[in-house]
Amino acid sequence: MKIAVFSSKPSTETFLNRANKAHGHELCFLEARLTPETVSLADGFGAVCIFVNDMANKAILRRLKELGVSIIALRCAGYNNVDLKAAHELGLCVCRVPAYSPYAVAEHTVGLMLALNRKIHRAHARVRESNFSLEGLLGFDMHGRTVGIVGTGKIGAITAGILKGFGMELLAYDPNENPDIVAMGGKYVPLPKLFERSDIVSLHCPLLPSTYHLINGAAVAQMKDGVMLVNTSRGALIDTVCAIEGLKSGKIGYLGLDVYEEEADLFFEDLSNEVIQDDIFARLLTFPNVIVTGHQAYYTETALNNISDTTLGNVTAYEKDKTCANSVFLDKVKG
Ligand code: NAI
């Protein structure tokens with residue numbers, strides 16, 4: 001099938017081309033994000049392949065349908081950027097990659113914890129300037145400390161397993177308890193108890209209306225003084241203004257973020273020659289005890305291979321059977 005690949009980066013092209021050897025689709029790589037201005041680029045294509053910041057609202061989907069597109073292949077797990085109701089009404093198939101490597105995200109999460117604790121980002125900068133002083137670089141043993149995992153699905157459970165290997169005590173909160181957590185010695189507790197008792201709080205639940213700003217001023221107040229907070233899930237789980245207040249007062253001792261609530265205007269682009277207009281984000285970058293990465297937790301070779309193979313497999317299955325196991329509608333029906 002002819003596929004227009006929007007928001008394409010060099011790595012998108014490399015991995016999709018590699019996976020396409022087994023599928024034989026005709027791929028056209030477009031740097032542009034899918035927007036009302038760029039939708040006409042899909043003219044003549046049967047499929048569009050899109051990513052997290054591409055727009056697929058009702059008007060764009062209608063236009064895609066007019067242009068001859070029949071399948072929207074998301075090369076990510078989330079589909080909050082697609083108007084599913086409109087897609088359904090238009091008879092467009094929407095498919096996604098439900099899981100590509102929970103290990104990638106869990107390992108990045110632990111990487112942020114280690115870097116924050118042992119101040120590796122600052123140590124690296126110092127040594128490059130021949131400053132070998134250790135003052136200000138004091139860390140703590142994670143062994144024997146308590147980590148609170150919020151959301152114990154695939155990524156949360158793998159993170160918990162790695163940290164259990166470090167000898168940490170495990171607390172967890174999730175409306176759906178995962179027996180693997182209990183089997184590894186973890187204890188489910190109510191959220192306020194988790195906040196109160198954890199040295200490190202790590203977020204792994206989805207962004208839902210009920211989890212929007214889960215970490216607000218009241219939640220921060222319940223946490224231990226000097227707590228480490230890590231979010232590799234979705235930016236809007238944290239009210240960033242409250243996190244900044246927590247950092248200023250010292251209540252939050254360390255903050256590690258791979259996601260940010262207003263990231264759509266920043267992440268995935270090289271803005272190094274521009275002036276950042278987001279003052280809240282700019283303030284975050286001034287703290288010595290904050291590390292921000294630009295939504296890169298998923299970005300491993302394993303994950304990109306899996307994403308590419310599943311994405312193209314979804315299009316192949318649709319071309320053959322006019323349906324696909326990773327269709328978002330099927331997912332919803334299955335619950
Ligand atoms: P999952 O669906 O396996 O697990 C999510 C868990 O959160 C489930 O067990 C669910 O019961 C739980 N949950 C739902 N509401 C909750 C609440 N109010 N409080 C606590 N837990 C709640 O999802 P998975 O694969 O583990 O992914 C977790 C999150 O990681 C995703 O929602 C996504 O936002 C994020 N993610 C981030 C990536 C990155 O590159 N930074 C890449 C992939 C996913």
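Among the residues of segment 278-314, those that are more than 15 Å from the ligand (Cβ to nearest atom) and free of Cβ contacts under 8 Å to residues at least 12 places away in the same chain comprise Asp279, Ala282, Leu285, Thr286. Taking the numbered list (1) closer than 28 Å to Leu137 by Cβ; (2) part of a loop (DSSP other than H, G, I, E, B); (3) away from the ligand (no atom under 16 Å from the Cβ) in turn, Lys248 passes all entries but (2).
Can Leu114 be described as away from the ligand (no atom under 16 Å from the Cβ), part of a helix (DSSP H, G or I) and surrounded by 13 or more Cβ atoms within 10 Å (Cβ to Cβ)? In short, yes.
Report whether or not Ala125 is outside any loop (DSSP other than H, G, I, E, B), under 22 Å from Pro179 (Cα atoms) and not basic (Lys, Arg). No; evaluated as a whole, the condition is false for this residue. In segment 186-202, which residues are assigned to a loop (DSSP other than H, G, I, E, B) and not hydroxyl-bearing (Ser, Thr, Tyr)? Matches in segment 186-202: Gly186, Val189, Pro190, Asp199.
Just checking, which of Ser272, Ser210 is in a loop (DSSP other than H, G, I, E, B), within 12 Å of the ligand (Cβ to nearest atom) and not assigned by TED's automatic domain parsing to the domain that holds Phe6?
Ser210
Of all residues in segment 1-16, those that are part of a strand (DSSP E or B) and surrounded by 21 or more Cβ atoms within 10 Å (Cβ to Cβ) total 3. For segment 149-160, indicate whether the set of residues that are open to solvent by less than 40 Å² (accessible area, probe 1.4 Å), away from the ligand (no atom under 12 Å from the Cβ) and either assigned to a strand (DSSP E or B) or not assigned by TED's automatic domain parsing to the domain that holds Arg33 (or both) is non-empty. No, there is no match, as no residue in segment 149-160 is open to solvent by less than 40 Å² (accessible area, probe 1.4 Å), away from the ligand (no atom under 12 Å from the Cβ) and either assigned to a strand (DSSP E or B) or not assigned by TED's automatic domain parsing to the domain that holds Arg33 (or both). Among the residues that make up segment 173-188, is at least one of them open to solvent by less than 80 Å² (accessible area, probe 1.4 Å), under 18 Å from Arg118 (Cβ atoms) and more than 13 Å from the ligand (Cβ to nearest atom)? No. On the basis of being within 16 Å of the ligand (Cβ to nearest atom), of a type outside the set (Phe, Trp, Tyr), open to solvent by 10 Å² or more (accessible area, probe 1.4 Å) and not in a helix (DSSP H, G or I), does Gly78 make the cut? Considered against the rule, which asks whether it is within 16 Å of the ligand (Cβ to nearest atom), of a type outside the set (Phe, Trp, Tyr), open to solvent by 10 Å² or more (accessible area, probe 1.4 Å) and not in a helix (DSSP H, G or I), Gly78 comes out as yes. Restricting Asp270, Asp278, Asp239, Asp225 to residues that are touching a Gly at 6+ places or on another chain (Cβ under 9 Å) and surrounded by fewer than 16 Cβ atoms within 10 Å (Cβ to Cβ) narrows the list to Asp225. Scan segment 195-202 and tell me whether some residue there is more than 24 Å from Tyr298 (Cβ to Cβ), more than 19 Å from the chain's Cα centre (by Cα), modelled with pLDDT of 95 or more and surrounded by fewer than 18 Cβ atoms within 10 Å (Cβ to Cβ). Scanning segment 195-202 turns up at least one residue that is more than 24 Å from Tyr298 (Cβ to Cβ), more than 19 Å from the chain's Cα centre (by Cα), modelled with pLDDT of 95 or more and surrounded by fewer than 18 Cβ atoms within 10 Å (Cβ to Cβ).
Residues that are open to solvent by less than 20 Å² (accessible area, probe 1.4 Å) and either at pLDDT below 95 or not in a loop (DSSP other than H, G, I, E, B) (or both): does segment 286-298 have at least one? Yes, there is a match, as at least one residue in segment 286-298 is open to solvent by less than 20 Å² (accessible area, probe 1.4 Å) and either at pLDDT below 95 or not in a loop (DSSP other than H, G, I, E, B) (or both). Checking each residue in segment 158-206 for being out of contact with any strand residue (DSSP E or B) (no Cβ under 8 Å at 6 or more places or on another chain) and under 15 Å from Ala106 (Cα atoms) picks out Ile158, Gly161, Ile162, Gly165, Phe166, Pro206.
Screening the candidates Asp83, Asp54 for the property of being of a type in the set (D, E, K, R) and open to solvent by less than 10 Å² (accessible area, probe 1.4 Å) yields one hit, Asp54. For the structure I just gave you, tell me whether Val328 is among the aliphatic types (A, V, I, L, M) and touching a Cys at 6+ places or on another chain (Cβ under 9 Å). For Val328, the condition - among the aliphatic types (A, V, I, L, M) and touching a Cys at 6+ places or on another chain (Cβ under 9 Å) - is met. Among residues that are part of a helix (DSSP H, G or I) and either open to solvent by 30 Å² or more (accessible area, probe 1.4 Å) or closer than 23 Å to Lys85 by Cβ (or both), Thr35 is not included.
Ser249 meets each of the listed conditions (1) in contact with a strand residue (DSSP E or B) (Cβ under 8 Å, 6 or more places away or on another chain); (2) at pLDDT 95 or above; (3) not aromatic (Phe, Trp, Tyr) apart from (1).
The values are calculated or read from the model by the stated rules, or taken from the named source; none is laboratory data. Only a predicted model underlies this, so the values are computations on that prediction, with no experimental measurement involved. Quick reminder, even Gly has a Cβ in these numbers, built from the backbone with ideal geometry, and neighbours come from all protein chains shown. We work out accessible area using only protein heavy atoms, side chains counted, and drop any ligands, DNA or RNA first. Shrake-Rupley method; radii C 1.70, N 1.55, O 1.52, S 1.80 Å.
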